[in-house]
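Read the structure below first, then the notes.
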Amino acid sequence: MAEDTLGLMKDCQLSVRKLNPRQYIADISELKNVEVWFQRASDVVRKLKTGDVDMGIVGYDMLREYGEDSEDLVIVHDALGFGECHLAIGIPTYGIFENINSLNELAAMPLWTEDRPLRVVTGYTYLGKKFLEKHGFKHVQLSTADGALEAAPAMGTADAILDLVSSGTTLRENNLKEISGGAVLSSQGVFVANKKALLERKEVLDVAHEMLERFEAHLTALGQFTVVANMRGASAEEVAERILNNTSYPGLQGPTVSPVYTNEGGTANVDYYAITICVPKPQLYHAVQQLRKAGGSGVLVSPLTYIFDEETPRYRQLLENLKA
């Protein structure tokens, strides 16, 4: 997670500086009085719970496993756009599991008894226990293992695994399969804070607010493009109506229309208007086609870096969560 987190921070103009690459401590030049620590994901969550650190970036799976649904933790941003995966149960594709394709079918297997429980190897014992109990598993033995969990069923030391899955390739290469209903949760990087620190220390809330706004502005702009085209028209209103009525891309709140001045015999005349809209990358070519049909020419396209809203909805939600 560290590399992706540093990449996001850099994209948001937050410079994390280490004096020595082997150190675990750094600072952020744009944020005064902020100290950065590099820790294992599990330790980040534990230190957030105890209040030893004020804010952290971890995977949602780690937050749920080691945070244990603690009320001392509050999610500031729940979708940082990296580390996407899901936590799911995997069982062998062969033997007694060959025709088992759902969680309900796995639970209904008469094999599982007090003397012969379903053996699940996982690094997520807290989440695993809650999930399996919720879905009616009465006889389960959870265990942990170092290294790759996928080998455990083939070695005969476990019946199933509960682990993170991204593409599913590792499962397939080890003759394992996901089952319907066996996904525990979806996960990606999240920005978390200690609730007490946010409530009692304004400087912590201020830093969280600034980081949240930077993250949100950048992530909102990802995959968005500014499209500018010149369009002949009698007035700005007439051009705006043409865009609104003849294209599917009005912009964020609506098209920006501004006059284009030409010099004719020393007099500034307005025959064209420049229209500016915001378009998602997958719809970019279609948007350009529609603008051309509406009379646009000289179309310019450039990627967006940030989109700052009047106030990010996530900050309003954070304030509501702090009141709760």
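The values are calculated or read from the model by the stated rules, or taken from the named source; none is laboratory data. Note that the coordinates shown come from a computational prediction; the quantities given were computed from them, not determined experimentally. All Cβ positions, even for glycine, are placed from backbone atoms using ideal geometry, and neighbour counts span all protein chains on display. Areas reflect the complete protein model, heavy atoms only, side chains present, ligands, DNA and RNA absent. Shrake-Rupley method; radii C 1.70, N 1.55, O 1.52, S 1.80 Å.
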**Message:** Looking at the range 104-151 only, could you name the residues that are in a loop (DSSP other than H, G, I, E, B), of a type in the set (Asp, Glu) and either in contact (Cβ under 8 Å) with a residue 12 or more places away in the chain or open to solvent by less than 80 Å² (accessible area, probe 1.4 Å) (or both)?
**Reply:** 114
**Message:** Between a residue in the range 1-20 that is assigned by TED's automatic domain parsing to the domain that holds residue 32 and any residue that is of a type in the set (D, E, K, R), which pairs come within a Cβ distance under 6 Å, given they are 6 or more apart or on different chains?
**Reply:** 12/214; 14/30; 17/27
**Message:** Just the residues that are farther than 19 Å from residue 200 by Cα, assigned to a helix (DSSP H, G or I) and touching a strand residue (DSSP E or B) at 6+ places or on another chain (Cβ under 7 Å), please, taken from the range 21-55.
**Reply:** 41, 44, 45
**Asked** Is it the case that the range 70-82 has a residue that's surrounded by 19 or more Cβ atoms within 10 Å (Cβ to Cβ), of a type in the set (A, V, I, L, M), farther than 30 Å from residue 316 by Cβ and touching a strand residue (DSSP E or B) at 6+ places or on another chain (Cβ under 9 Å)?
**Response** no
**Complete:** Just one listed residue, out of 260, 239, 227, is under 27 Å from the mean Cα position of the chain (by Cα) and modelled with pLDDT of 90 or more, and it is 227
**Complete:** Inside the range 236-263, the number of residues satisfying the requirement of being among the hydroxyl-bearing types (Ser, Thr, Tyr), touching a residue at least 12 places away in the same chain (Cβ under 8 Å) and open to solvent by less than 60 Å² (accessible area, probe 1.4 Å) is 3
**Enumeration of residues in the range 274-324 that are charged (D, E, K, R) and open to solvent by 60 Å² or more (accessible area, probe 1.4 Å)** = 281, 292, 293, 309, 310, 314, 316, 320, 323
**Request:** Identify all residues within the range 58-95 that are closer than 16 Å to residue 183 by Cα and either assigned to a helix (DSSP H, G or I) or free of Cβ contacts under 8 Å to residues at least 60 places away in the same chain (or both); write none if there are none.
**Result:** 60, 61, 62, 64, 65
**Message:** Tell me which strands (runs of 3 or more DSSP E) are completely within the range 167-281 and hold 1 or more residues being of a type in the set (Lys, Arg), or say none if there are none.
**Reply:** 176-187, 224-232
